């Protein structure tokens with residue numbers, strides 16, 4: 001899955017929250033000062049080229065909709081992050097969180113219980 005800029009990710013967030021919409025509706029979701037219609041339209045077309053959005057035609061305008069779920073995007077982003085910064089080692093990620101005291105031993109034990117439960121269910 002391709003990388004998104006901050007603005008592209010913001011726009012995808014609107015689609016994930018609100019569902020299908022026209023560019024004009026999308027522009028209205030931004031806080032003031034809003035980006036120009038043409039700027040948003042260009043970004044939306046770029047998201048369509050990257051296969052994050054698709055559209056349906058209504059007369060001479062398009063209504064866009066997400067074709068990638070937020071969950072799928074999140075999973076892909078995490079995988080890319082772990083691969084890029086942690087040598088594809090999820091245990092290195094957990095280790096970093098432990099070292100930084102961002103996760104407690106109780107939380108780790110709960111994760112182990114969840115993993116064991118999932119393993120039993122998948123047998």
Item to check | Cα long-axis angle, helix 90-99 against the chain (0 to 90 degrees, to the nearest 10) | outcome: 80
Next on the checklist: Can you tell me the length gained on complete extension of the stretch residue 7 to residue 86, counting 0.36 nm per residue apart and subtracting the Cα distance?
Outcome noted: 25.9 nm
Item to check | Globularity ratio of the stretch 49-94, using Cα Rg and 2.2 N^0.38 Å | outcome: 1.75
Item to check | residue 102 versus residue 45: modelled label distance in nm, points set 7 Å from Cα along the beta carbon direction | outcome: 3.9
Checklist entry - If you line up the long axis of helix 37-49 against the longest principal axis of the chain, both from Cα atoms, how many degrees apart are they, to the nearest 10? => result 50
Next on the checklist: Counting only helical runs of four or more DSSP H residues, what would the 222 nm mean residue ellipticity of the chain come to if each run contributes -39,500 (n - 2.57) and the total is spread over all its residues?
Outcome noted: -19000 deg cm²/dmol
Item to check | Potential extension, residue 72-residue 30 segment - 0.36 nm per residue separation minus Cα distance | outcome: 12.7 nm
Checklist entry - Got the relative contact order for the chain handy, in percent, Cα pairs under 8 Å and 6 or more residues apart? => result 19
Next on the checklist: Between 0 and 90 degrees, rounded to the nearest ten: what's the tilt of helix 70-85 against the longest Cα principal axis of the chain?
Outcome noted: 60
Item to check | Mean Cβ count within 10 Å, highest first, over the residues of peptides 11-17, 56-62 | outcome: 11-17, 56-62
Next on the checklist: Please report the equivalent ellipsoid semi-axes of the chain, computed as sqrt(5 x eigenvalue) of the Cα gyration tensor, largest first, in whole Å.
Outcome noted: 38, 17, 14
Checklist outcome for this item: P(r) of the stretch 6-66 over all Cα-Cα pairs, 10 Å bins starting at 0, rounded to whole percent, reads 22, 64, 14, 0
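The numbers here are math on the coordinates, done by the rules we state, and not lab data. A quick note: this is a predicted structure, and the numbers were derived from the prediction, not measured. Positions of Cβ are generated from backbone atoms using ideal geometry, with glycine treated the same way; all protein chains shown enter the neighbour counts.
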